1. Please enumerate the residues belonging to the range 23-56 that are open to solvent by 70 Å² or more (accessible area, probe 1.4 Å) and hydrophobic (A, V, I, L, M, F, W, C).
2. Of the residues in the range 57-73, how many are open to solvent by 20 Å² or more (accessible area, probe 1.4 Å) and among the aromatic types (F, W, Y)?
3. Hey, can you tell me all the residues within the range 82-101 that are surrounded by 24 or more Cβ atoms within 10 Å (Cβ to Cβ) and touching a Phe, Trp or Tyr at 6+ places or on another chain (Cβ under 7 Å)?
4. Mind checking which pairs have a first residue in the range 161-185 that is more than 24 Å from E81 (Cα to Cα) and modelled with pLDDT of 90 or more and a second that is open to solvent by less than 30 Å² (accessible area, probe 1.4 Å) and not β-branched (V, I, T), Cβ under 7 Å, 6 or more apart or different chains?
5. How about the range 59-88: which of its residues are outside any helix (DSSP H, G or I) and modelled with pLDDT of 95 or more?
6. Restricting attention to the range 112-145, and to residues there that are open to solvent by 70 Å² or more (accessible area, probe 1.4 Å) and touching a residue at least 40 places away in the same chain (Cβ under 8 Å), which single residue is farthest from the chain's Cα centre (by Cα)?
7. When you check S28 against the structure, is it of a type in the set (S, T, N, Q), modelled with pLDDT under 95 and under 17 Å from A90 (Cβ atoms), yes or no?
Amino acid sequence: RTAQRFHLSAQGLFTSVGDVGGTGYAFSRSSMSAYCLGDYAEALRLARAGYEAFNSVNHRWGVISALCRLGFAAAALGDVEAARRDLGRALELAERGQAQSLVLHALSGLGVLLARQGNDARAAELLIATLEHPGMPATYRMVAQPTLDAIEARLAPEALEAARKAAASADLETLVDAVLRDLAT
C-alpha cells in the first residue's frame, strides 16, 4: 500500500507540471501495486488511465506496459476476451520493438490467463519459461509468481516436471511464435 501511495503522489506531481509520460508511469506502476494487493478493479482503472496517458503522447514502451497491466487485471476479473486482446497486442508490440522484458511480461500475463482458465499444464510451462528467464525484471516477476506458486501446489509432480522440461527446451523466439499462433486461432 505504501508503494501505491507513493505512485499516486508522484502522479499528482507529474500532472501538476504537465509531464504526461510521468503521469502514465505513476498510474501504470500503481496499477501493478493494486493488482498485487488483489484490488483488480482498481488495477484495471489505473492501467486504463496509464494507457490513455501513454497513448496520448505516443510513448511506445509505456503503451506496451500499460497493455500488460490491462491484461493482467482483465484476467483477474474474468474478462478472457479483453485479457487475450490486451496481452496479445502487448506481446506483438513488444516483439516488434525488441523489448525483451515486456515480451516476458506479456507472456507471463498470458500464463496467468491460462491458469485462470484452468489450463495449469500450459500455464506452468509459460510461467516457468518467463519467470526463470534471466531477462525478466523482478518487478514483473512478482506480479505473476503467486500464480505459478498456486499451480505448483496443485499440479501433479509428473505434470510439473513435464512443464519444467518443456520450458527449459523452449527458446524465447519459439515460445513467442507459438503463443502468437495460439492467439490467432
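The values are calculated or read from the model by the stated rules, or taken from the named source; none is laboratory data. On a predicted model such as this, the values are computed, not experimentally measured, just so you know. As a convention, Cβ positions derive from the backbone with ideal geometry for all residues, glycine included, and neighbour counts pool all protein chains shown. Just the protein is used for accessible areas: all its heavy atoms, side chains included, with ligands, DNA and RNA removed. Shrake-Rupley method; radii C 1.70, N 1.55, O 1.52, S 1.80 Å.
1. Selection gives L37 alone.
2. So the answer is 1.
3. Answer for the range 82-101, where residues must be surrounded by 24 or more Cβ atoms within 10 Å (Cβ to Cβ) and touching a Phe, Trp or Tyr at 6+ places or on another chain (Cβ under 7 Å): there is none.
4. A163/A124; A167/A129
5. L77, G78, D79
6. Across the range 112-145, the extreme among qualifying residues is R116.
7. Here the answer is yes, as S28 does meet what is asked.
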